[in-house]
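Scroll down for the structure; my scribbles are underneath it.
Every read-out reported here was derived from the displayed coordinates using simple, explicitly stated rules and does not represent laboratory data. Small disclaimer: the values here were computed from a predicted structure and weren't measured. With ideal geometry, Cβ positions are generated from the backbone for all residues, glycine too; neighbour counts draw on all protein chains shown.
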Amino acid sequence: MKPAPFSYVRPMTVEEALFALAQQGDEAKVLAGGQSLIAMMNLRLLKPRCLVDINRVAALDYIRQDNGTLAIGALTRQSAAETSPLVLQHCPLMTEAIQYIAHRPIRNRGTVGGNLAHADPTSELPAVAVATDATFVVRSANGQRTILAADFFVGHLTTALRPDELLTEVRVPPWRPAGQGWSFMEVSPRKGDYALVGVAATLQVKDGACQAARLVYNGVAGRAQRVPEAERALVGRNADEAAFREAASIASQRVDPHSDFHATAAYRRDLVNTLTRRALAQALARCGKRSA
Ligand SMILES: Cc1cc2nc3c(=O)[nH]c(=O)nc-3n(C[C@H](O)[C@H](O)[C@H](O)COP(=O)(O)OP(=O)(O)OC[C@H]3O[C@@H](n4cnc5c(N)ncnc54)[C@H](O)[C@@H]3O)c2cc1C
């Protein structure tokens, strides 16, 4: 398969990229790792008139700490984030989740920003971003805005990004290691395949009692789905097997997954139940530890 004809620009700076996007409007697509975009173009599911290739924009490729906040440039390769000591220290949930993305050669090309902007509902990183209250820095020729992860993902392959906007940075708030545990778990048909169901779980525990929890799922809806009812069932309770079972049961009832070639909705619901229990147990075991 070959893509429809397109023009190509290769900016060297963010400003040049924004200029190109402003000129081309919704005729343009940003090219990052190309691991999703090029396949969709080859299948002619997308026919952009112009590709704005940001691979030479070195200013978008970084991982740093900024007053306790983890700041990741959009062009950071997934494999760089996977092996980053800073990411492990400040967001071990992300380190764990990235290992479920495809295979190493794909993670070597695929970018953190491209993965999030693509907004595949089975993707792992959107669930991590929602679970950690990450914010996305977005720029256009007209200025900059910041979007909370929960507002960024609108639906299947759809985000709050406007056609002339570039995602430039992902910001993950400071991690509170004292009493906080995390876990990312997933089931897919084969290792490296897209998830049937995944869960990003965090747990804050003090004196055996659960103070806060986050449960966010990939693969069960058109976007990463948080289940506040299951989180509320944990808060104020002893962090134990009985509480985890109840939260898992609530989560499995609240999600509304689809059936497809790979699995029925009932099976996905069952996975939500099992993965939630296991992830919460692992998060509890990690409470107080800085990283895996
Ligand atoms: C075989 C295979 C298996 C895979 N398995 C998984 C998996 O299990 N889990 C998973 O999450 N992903 C998986 N992927 C997808 C992979 O993670 C991609 O790398 C990712 O979805 C897109 O990142 P990219 O950098 O390649 O973006 P591209 O493909 O270049 O772009 C994707 C989309 O995002 C837009 N975009 C990219 N960067 C920006 C930006 N900075 N600002 C605004 N818009 C931008 C593009 O215009 C395009 O619409 C798989 C891919 C393959 C080929």
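For this structure, a couple of remarks:
- Angle in degrees between helix 241-254 and the longest Cα principal axis of the chain, rounded to the nearest 10: 50 degrees
- The residue list PRO105, GLN78, ALA150 was ranked by how far each Cα lies along the charge dipole of segment 58-172 toward its positive end, using unit charges on Cβ atoms, and PRO105 comes out on top.
- Alpha-carbon centroid distance for the pair segment 184-215 / segment 82-135, whole angstrom: 14 Å
- Compactness of segment 244-290 is given as radius of gyration and Dmax, 12.8, 41 Å, from Cα positions.
- Taking the empirical scaling 2.2 N^0.38 Å for compact globular proteins as reference, the chain has a Cα radius of gyration ratio of 1.01.
- The number of Lys pairs in the chain with C-alpha atoms less than 18 Å apart, excluding pairs fewer than 8 positions apart on the same chain, is 4.
- Neighbourhood charge, 13 Å Cβ-Cβ cut-off, centred on ARG139 and excluding it, Lys, Arg +1 and Asp, Glu -1: -3
- For the chain, share of DSSP beta bridges that run antiparallel, in % to the nearest 5: 85 percent
- Applying both filters, DSSP loop and at most 11 other Cβ atoms within 10 Å, to the trypsin sites (Lys or Arg not before Pro) of segment 126-212 gives ARG190, LYS191.
- Taking ILE250, ILE101, ILE63 and counting other C-beta atoms within 10 Å, the order from fewest to most: ILE63, ILE250, ILE101
- Share, in percent, of DSSP beta bridges within segment 1-133 that are antiparallel, nearest 5: 40 percent
- Charge dipole (debye, nearest 20) of segment 7-53; +1 at Cβ of Lys and Arg, -1 at Cβ of Asp and Glu: 260 debye
- Debye, to nearest 20: dipole size of the chain, +1 on Lys, Arg Cβ, -1 on Asp, Glu Cβ: 420 debye
- Rg and Dmax of segment 7-53, Cα atoms only, in Å: 10.5, 31
- Each other residue within a Cβ distance under 13 Å of GLU241 adds +1 if Lys or Arg and -1 if Asp or Glu, for a net charge of +2.
- Annotation: extensible slack from GLU27 through ALA266 equals 82.0 nm (criterion: 0.36 nm per residue apart, minus Cα-Cα distance).
- Under 10 Å, Cβ to Cβ, from GLY198 - net charge with Lys/Arg +1 and Asp/Glu -1: -2
- Remark: SER140, SER36, SER252, SER7 ranked as SER7, SER140, SER36, SER252, counting other beta-carbon atoms within 10 Å and listing the fewest first.
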